[in-house]
Amino acid sequence: MRKIVIAGNWKMYKTQREASEFLQKFLPELEQTPEEREVILCAPFTDLGVMSKSLHGSRVQLGAQNVHWEDEGAYTGEISGFMLLEIGVRYVIVGHSERRQYFGETDETVNLRLKAVQRHGLTPILCVGESKQQRDAGETERIISTQLQKDLVDIDQQNLIIAYEPIWAIGTGDTCEAMEANRVIGVIRSQLQNRDVSIQYGGSVKPNLIDELMAQPEIDGVLVGGASLDPAGFARIVNYK
C-alpha cells in the first residue's frame, strides 16, 4: 500500500538554534495530522543531533540530505551511514538535482549512495527530473527513464521513495501543473517493479498549491524546499485538505 510522505528539505539553511525555534512552533501544529501521513525533515548535518533529541517521540522523522557510499575512509567532508544511524536518521535524500548540478553527482554515484542507504536499513528518497532545456526538447520521459534505469540497479524497491523534481521548477517559483506532475509520476510508476513505491512531487511546492497537488491520484506526497523553512507554511502543507 502506498504511503503518503511529506518531506521538507532545508538545504543549507538553519543553525541549530534556528532549527530548535522552528520545531517549537511546528510540532504543536501536528496534533490533528492524520496518522497515515509520514512527516520528514531533512536538515543540514550540523542540525541533526539536536533535532534528533527534540523529535524523539514526535510525529516527525529525521532525514539527511546526502550520504557517502563507503562506511568509513579518507573522504574529507563526507558522512557515512553509520554516522547517520547513530543520531537517529531514518531517511536520506539521494541524487537531488543540486547535487548533480553543482557537485558532480552522476547516476553511477547515485546508485552507490542508494545501496549504502539501504545497507544501513535507512530509506532513500531518490530524486529524478529533467531540465527546462530537456523538457522543451520533448525529452522528459527519456531523461527520467534513463535516470531510473541507472539509479535503480540492484536497489530494493520495497524500501524506496522517489521524488519527481523537474529541475526547471526548483527554487524558481515555477510549479509544474498538478495534472502534468501527475502524468509524469504515472510514467515513473509504470517503470517500477514495485508499483506501490511512494512517489512525491517536488519543485516550488507552496501552501496554496498543496490541496490541488494531493488531489491527484498518482501523487503520494511532496518534497518541499523553501516553503519547509517556515513552520506555519510547512504545517499547512502537512495538513493539506
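Here the residues Val128, Val153, ranked from fewest to most Cβ neighbours within 10 Å of their Cβ, fall in the order Val153, Val128.
Arranged from fewest to most other beta-carbon atoms within 10 Å of their beta carbon, Leu84, Leu223 become Leu84, Leu223.
Across the options Asn239, Leu229, Leu114, the greatest Cα extent toward the positive end of the charge dipole of the chain (unit charges at beta carbon of Lys, Arg, Asp, Glu) belongs to Asn239.
Kirkwood hydrodynamic radius computed over region 88-212 comes to 14.8 Å, based on all pairs of distinct alpha carbons. Calculation over all alpha carbon pairs of region 1-62 in 5 angstrom steps from 0 returns a P(r) of 4, 17, 30, 26, 14, 7, 2, 0 percent. Compared with the alpha-carbon gap, the fully stretched path from Ser131 to Glu180 is longer by 16.1 nm at 0.36 nm per residue. In summary, the aspartates and glutamates within cross-link reach of Lys14, defined as a Cα separation below 17 angstrom excluding same-chain residues under 8 places away, comprise Asp47, Asp230. Taking region 179-204 and a reference point 7 angstrom along Cα→Cβ of Glu141, the backbone N atoms nearer than 16 Å belong to 180-192.
Find, to one decimal place in angstroms, the Kirkwood hydrodynamic radius of region 170-225, where the mean of 1/r is taken over every pair of different Cα atoms and then inverted.
Values: mean 1/r = 0.0872 Å⁻¹.
Radius from the Kirkwood sum: 11.5 Å.
Under Stokes-Einstein, with the Kirkwood radius over Cα pairs as Rh, the value for the chain at 10 °C and 1.306 mPa s is 89 µm²/s.
Using C-alpha pairs under 8 Å with a sequence gap of at least 6, the mean separation divided by the residue count of region 33-98 gives a relative contact order of 35 percent.
Counting Lys and Arg as +1 and Asp and Glu as -1 over every other residue whose Cβ lies under 13 Å from the Cβ of Glu29, the net charge comes to +2. For the listed residue pairs Lys11/Lys150; Lys3/Lys241; Lys206/Lys241; Lys11/Lys132; Lys3/Lys53, the alpha carbons are over 19 angstrom apart in Lys11/Lys150; Lys11/Lys132; Lys3/Lys53. Ranking Ser97, Met179, Ser131 by how far each Cα lies toward the positive end of the dipole of the chain (charges on Cβ) leaves Met179 at the top. Tell me, what is a quarter of the convex hull surface for the C-alpha atoms of region 78-139, in nm² with one decimal? Averaging across all directions leaves 4.7 nm² for the Cα convex hull. Among the GluC sites (Glu not before Pro) in region 14-55, those located in a DSSP loop and surrounded by at most 15 other Cβ atoms within 10 Å of their own Cβ are Glu31, Glu35, Glu36. Across Pro34, Pro124, Pro207, mean-square fluctuation computed from a Gaussian network of the chain (C-alpha pairs under 10 Å connected) peaks at Pro34. Its relative contact order, with pairs defined as Cα atoms under 8 Å and 6+ residues apart, puts region 70-172 at 29 percent.
Only the coordinates and a few stated rules stand behind these numbers; no lab work does. Predicted, not measured: the structure shown is a model, and the values here were computed from it. Every residue, glycine among them, receives a Cβ derived from its backbone with ideal geometry; neighbour counts consider all protein chains shown.
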